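Derivation of every value follows stated rules applied to the coordinates shown; laboratory data play no part. Not measured: the values here are computed from a predicted model. Using ideal geometry, Cβ is built from the backbone for each residue, glycine included, and neighbour counts are taken over all protein chains shown.
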Amino acid sequence: MKTLIDSGHALQQGLLAIRREFAVPDGFPPQVEAAAAAAARRAPTEHVDRTAMRFVTLDPATSTDLDQAFAIERSGHDMLLHYAIADVAWFVADGDPVDVEAWKRGTTLYLPDGKAGLYPPVLAEAAASLLPDGPRPAVIFTVRVAPDGAVKLDGAERAIIRSGAKLAYDSVRGTDLPDGFAELSARVQAAEARRGASRVDPPEQEVSALPGGGFDLRFAPRLESEARNAALSLATNMAVADLLLAHRTGLFRVMAAPDDHAVARLRITAAALGIDWAADVPLDAIERRLDGHDPKQAAFMTAIRRNGGGASYAPYRDGVVPWHAAMAATYAHATAPLRRLADRYVIRAALAIANGQPVPEAVIAAFETLPTVMARADAIGGRIDRAVVDLAEAVMLAGLVGETFAAVVTDVEAHAARIQLCDEPVVARVAATGVVPGERIDVVLRAADAEKRVLTFERG
């Protein structure tokens, strides 16, 4: 789970078990490694020289698979975002061993003790990564951002760029960033608010040791630099999506709004956590007010993610406007090709259209088959995420067996109730009858089995 930190290795044995259970790949087959090494030596020949432009990257400090770099300039009242994205398609040809392996994986899988990459490190963390140790091939999408935050793709080109700095979320200073970075991000964020977008980005969770023994699961709030950086990616993905939709092709990220049952369950969870949510306030309004610095609100952000219907991929269909409810917009994934298979094909399509060329037949065919591949990969990633959270909760509560916890019933099953602990970011089940959603109950923790990742509660 890329949003959980285990700096003290409290989860080490459990994570090994999860890796075995879900067959998380450990490295790459020799023929894939060899093909990737050969591809890494491929010299760019279709790229214009943009090394005079000052691009920078902004990521977690430890990241080495850098998908994006950016530069910003002004154009009258508009701002131009030059968003350089790793040109993975330059290194990976349709049907070669690296491509075949990527189709098996679909995405990079993240766990607190490391990742299982979509591509071998010789590409993902070296030749294709936009690191500042030399020129790199990239696809530059130039996005025009109006004063009201409206975005439009002005152009796309293959280019050689040179990153001027590898900046980190937790140490970047305003003077390190291109002029206009904060203003451009603010324009995009303001447009989100006007559209009624309701993206929820829970803070990272961290397992930490307690002085007297045992462990705690805490939240590390999202940094402002990370939120602003995400706005650049959002702007690019929306501009690319609009271009593809206008040309009646593409692969889109779609998501339905939460149904009434999910919203009702979330209202109960909010009450359990002591979050004031008036009956006449819709979910998207409360989402925009959440503060990740408050542990209870951070826990509620995580609950929203858990209760969401989930996003999926859909190819273009005549007469259908693909819609992402959380973005309140037509949306595509184009900015993380080192970590998501689908992005490589979306980039190829947008690059072709922006330059008056037909979309390659291989890309059009891929749009039809990618939804199944990506759904499978997302499902595996989701199951791993849930297993890691279950493990972290079991480790955290292992020293509290026999303790009584206040909880609120969020859902009722045949002979059990789904509960949210009032003072911990933990959702669990307990055998119970005759209870109703919203009812407060006391539960006793009878077992916390880290090996099986199971918490056992009884009514108090």
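Annotation: lysines with alpha-carbon distance below 23 angstrom to Lys296 (same-chain offsets under eight excluded): Lys2.
Quick check on segment 1-142: take the gyration tensor over C-alpha atoms, sort the square-rooted eigenvalues as a ≥ b ≥ c, and tell me if it's rounded (a/c under 1.5), prolate or oblate.
Details: a/c = 2.62, a/b = 1.44, b/c = 1.82.
Judged from the Cα gyration tensor, segment 1-142 comes out oblate (a/c at least 1.5, b/c at or above a/b).
Shape verdict for segment 275-341, please, from the Cα gyration tensor: rounded (a/c under 1.5), prolate (a/b greater than b/c) or oblate. The shape class here is oblate. The list (i) 20; (ii) 15; (iii) 35 gives values of percent of Cα pairs over 44 Å apart, and only one came from this structure; which label was calculated from it? Derived directly from the coordinates: (ii). Converting phi to 3J(HN,Hα) with the Karplus coefficients 6.51, -1.76 and 1.60 and the offset θ = phi - 60°, segment 70-81 yields 9, 9, 9, 9, 9, 9, x, 7, 7, 10, 9, 9 Hz in sequence order, with x at every glycine or proline. Of the peptides 118-126, 395-403, the order by per-residue mean of other Cβ atoms within 10 Å, starting with the highest, comes out as 118-126, 395-403. Take the cross-link list Lys115/Lys152; Lys104/Lys152; Lys104/Lys452 and give me the ones stretching past 30 Å between alpha-carbons. Over 30 Å apart, Cα to Cα: Lys115/Lys152; Lys104/Lys152. Once the Cα atoms are used to define both axes, helix 181-195 deviates from the longest principal axis of the chain by about 60 degrees. For Val145, Val435, Val88, the sequence from fewest to most other C-beta atoms within 10 Å is Val435, Val145, Val88. Taking square-rooted eigenvalues a ≥ b ≥ c of the alpha carbon gyration tensor, is segment 98-186 rounded, prolate or oblate, where a/c under 1.5 means rounded and, failing that, a/b exceeding b/c means prolate? Since a/c reaches 1.5 and a/b is larger than b/c, the shape of segment 98-186 is classed as prolate.
Each residue, Asp442 and Glu73, gets one label point 7 Å from its Cα in the Cβ direction; the gap between the two is 6.9 nm.
What is the extension gain from Val281 to Ala379, computed as 0.36 nm multiplied by their sequence separation minus the C-alpha to C-alpha distance, in nm to one decimal?
32.1 nm
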